[in-house]
1. Suppose we look only past 40 Å in the calculated P(r) of the chain. What percent of the Cα-Cα pairs does that tail hold?
2. Can you give the accessible area per residue of the stretch 114-176, in Å², using a 1.4 Å probe?
3. Want the number for D164 to L67: 0.36 nm per residue separation, take away the alpha-carbon distance, what's left?
4. Could you compute how fast the stretch 3-77 diffuses translationally, taking Rh as the Kirkwood radius over C-alpha pairs and applying Stokes-Einstein at 10 °C with viscosity 1.306 mPa s? Give it in µm² per second.
5. What are the radius of gyration and Dmax of the stretch 182-297, computed over its Cα atoms and given in Å?
6. For the chain, modelled as a GNM with alpha-carbon contacts under 10 angstrom, which of S175, S150, S243 fluctuates the most?
7. Quick check on the stretch 265-368: of the DSSP beta bridges with both residues there, what percent are antiparallel, nearest 5%?
8. Largest first and in whole Å, what are the equivalent-ellipsoid semi-axes of the stretch 226-368 based on the Cα gyration tensor, each being the root of 5 times an eigenvalue?
Amino acid sequence: MKKRVCMLLTDAISFNVLCRGQLEHFRDNYDVDVTLICGGSPEELDVLTQRNVGKVVYFPFCRHPSLFLDFWCLIKLFVFFLFNRFDVVVYSTPKAMLLGAVASFFSLQKKRVAVVRGRAYEGFIGIKRKVYIFFDKVVMGLSSKNIVISNSLKKSYVDDGFDDSNFVVLGAGSSNGIDLERFSGTRKKGGGNRKFTVGVVGRICKDKGIEQIEEVMSLVIRDRPFVDFLLIGSIEDDIGMASVQRMLEQGVARHAPFTDSIEDVFMSLDLHLFLSHREGFGNVAIEAAACSVPTFAFDVVGVRDSVKDGVSGKLFDFLDSAQVYEAILEAADDPVLFKEKFSKSRQWVASNFERKSVWRQYLDFYVE
């Protein structure tokens, strides 16, 4: 008998990016009937529908708090669950988690699973942090099971007083694993007179460490002008915009918008710089490692699970830009030795994050 599975994410783009390939694997390898609930733009909803991975049901979820709209979505979701019964309801991303947990619990859905991908309030303090923690406690308390996508994320919850037994980390973490066929190419690095290339991949904003990135890049360019810096990603706040403008004007770095062919970017790099302040799990770090490109990163929640210190890169004390700067100089001065030092990065990724293995762990957990 087919298992009936309902999955909720706040936005359709999250299904299309965070669950790329996973939903198709679910459809093709499990006897399931899947319903996908989300908000999002018509374009992203069309993309999701055309993937033919399940019935798509639109709910007008919005990322930011909206008392009227959130309450309206909660009531609609509760009614939907009263008339549609599932073997498991899976919810992820903040708004969908909160509304999904409340509506599925009070409509007596028998198995309710939260997939926690990160904590946006990781650096918050005071009342604001306590409010976010309260909402997380509501979600965790109403869920049958809570999956967190990294061990350090689990530890953060436990440090904030959550019960350790409430959380499960599947395998080594991650939520979608890595496509080793896509992220496979390497090229000869560090040969001849070619510049030593350092790349930053992902959203450009304060939380992603753009201030520290600018500081490090400016220092390195001053002392090693042959190092080439490349920023790939969308600019998402005023701090990011100001930093990028300064770096472009001073010739410190180049910038390009995000590309779907990010594997080609990694293949052009000698080093991936990832100075994020917080993550649930740092997917770009394992993408880089799969392309045999080491990552330099701060030792923070989520990142320490996706960068194996001394194997796939190096971890540095949080906000210690001076350490990062000195390590880049050392790497640029002897790129052949640098490459050899992290030669087992792809092997480490393959052993821990191969995507079909990760998918099986999640999907078996959902339908067990």
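The values are calculated or read from the model by the stated rules, or taken from the named source; none is laboratory data. Here the structure is a predicted model, which means the values were calculated and not measured. As a convention, Cβ positions derive from the backbone with ideal geometry for all residues, glycine included, and neighbour counts pool all protein chains shown. What goes into the accessible areas is simple: the full protein's heavy atoms, side chains included, and nothing from ligands, DNA or RNA. Shrake-Rupley method; radii C 1.70, N 1.55, O 1.52, S 1.80 Å.
1. Values: 11152 of 67528 pairs.
I get 17 percent for the Cα pairs in the chain exceeding 40 Å.
2. Here the per-residue accessible area is 45 Å².
3. Values: separation 97, 0.36 × 97 = 34.92 nm, distance 3.18 nm.
Between D164 and L67, full extension yields 31.7 nm more.
4. It diffuses with D of about 124 µm²/s by this estimate.
5. Every Cα atom of the stretch 182-297 included, Rg and Dmax give 13.5, 39 Å.
6. S243
7. Details: 0 of 8 bridges.
Of those bridges, close to 0 percent are antiparallel.
8. 27, 19, 15
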